[in-house]
Amino acid sequence: MNKQKLRRTPPQELAVAAAGYQREAVIPHCPTCAAPCCKLDKLVLELEWAQVKGLWQLEESRKAFDKRLATGRGPIEIRPANGLYYAHSKPCPAFDAACGCTVYTTPLKPVGCSDFPVYENEGEIMADLRCEAVDIEALKAALTRDLGPDTRIRQSADRDFPFLVTLSVQR
Ligand code: SF4
Ligand code: SF4
């Protein structure tokens, strides 16, 4: 087998490191989190129609559902836009306070749920400080450990959303 082909690109290495931090530092904290993101009081969930249909256990067609939304007959927490749906302000229907996410290993789980709160984006690491489990200094230490001692990390925050931190990694 050609080992060269198995080497990861720098963005892939960042994605693996981000997933490792989530696995080690974030997910173990979720069962005791004081402000679970799945309540959607701070976060907005971006959904495909199939996910809306599955999570809200809808029987009707997409056309009928869209008409229901357009005429203000709910669910009030869902807004349609650009062919997608956005849920906010009420707990996700898949959230079980005792067990956490009931669809975590299924296609119903939106991509954003896997990404939050630490993920790779266009060759940088994004960290969302709205998650109480994220410790930015610990994250930087974990990245340096995983990517090598020559790693240099520059930190910046979004001007409009300061809880969104970008870590630019140079090696
Ligand atoms: S906010 Fe963070 S720690 Fe809390 S439930 Fe969400 S991912 Fe887990
Ligand atoms: S799908 Fe699961 S992880 Fe995503 S918001 Fe709902 S309960 Fe949370």
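The values are calculated or read from the model by the stated rules, or taken from the named source; none is laboratory data. Just so it is clear, the structure is predicted and the values come from calculations on it, not from any experiment. When we count neighbours, we look across all protein chains shown, and the Cβ atoms used for this are built from the backbone with ideal geometry, even at glycine. Accessible surface is based on the protein model in full, side chains and every heavy atom, while ligands, DNA and RNA are left aside. Shrake-Rupley method; radii C 1.70, N 1.55, O 1.52, S 1.80 Å.
Lys140 versus (1) closer than 19 Å to Cys37 by Cα; (2) out of contact with any Lys or Arg (no Cβ under 9 Å at 6 or more places or on another chain): which is the lone unmet condition?
Every listed condition holds for Lys140 apart from (1).
How many residues does segment 111-128 hold that are more than 8 Å from the chain's Cα centre (by Cα) and either modelled with pLDDT of 95 or more or open to solvent by 40 Å² or more (accessible area, probe 1.4 Å) (or both)?
8
Of everything in segment 37-74 that's near ligand 2 (Cβ under 10 Å from one of its atoms) and in a loop (DSSP other than H, G, I, E, B), which residue is nearest to Phe163 (Cα to Cα)?
Leu43
Considering each residue of segment 40-89, count those that are among the basic types (Lys, Arg) and in contact with a helix residue (DSSP H, G or I) (Cβ under 8 Å, 6 or more places away or on another chain), and give that number.
The number of residues fulfilling the criteria is 3.
Across segment 50-83, what is the total count of residues that are closer than 20 Å to Asp115 by Cα and open to solvent by 40 Å² or more (accessible area, probe 1.4 Å)? Walk me through it before giving the result.
Of all residues in segment 50-83, those closer than 20 Å to Asp115 by Cα come to 50-52, 55.
From what's left, open to solvent by 40 Å² or more (accessible area, probe 1.4 Å): 50.
Matching residues across segment 50-83 total 1.
Can we say Val26 is free of Cβ contacts under 8 Å to residues at least 60 places away in the same chain and either within 16 Å of ligand 2 (Cβ to nearest atom) or aromatic (Phe, Trp, Tyr) (or both)? Spell out the reasoning first.
On the way: free of Cβ contacts under 8 Å to residues at least 60 places away in the same chain: no; either within 16 Å of ligand 2 (Cβ to nearest atom) or aromatic (Phe, Trp, Tyr) (or both): yes.
For Val26, the condition - free of Cβ contacts under 8 Å to residues at least 60 places away in the same chain and either within 16 Å of ligand 2 (Cβ to nearest atom) or aromatic (Phe, Trp, Tyr) (or both) - is not met.
Check off (1) buried (at least 17 other Cβ atoms within 10 Å of the Cβ); (2) farther than 18 Å from Glu48 by Cα; (3) in contact with a strand residue (DSSP E or B) (Cβ under 9 Å, 6 or more places away or on another chain); (4) touching a residue at least 40 places away in the same chain (Cβ under 8 Å) for Ser168 and give me the number that stays unchecked.
(1)
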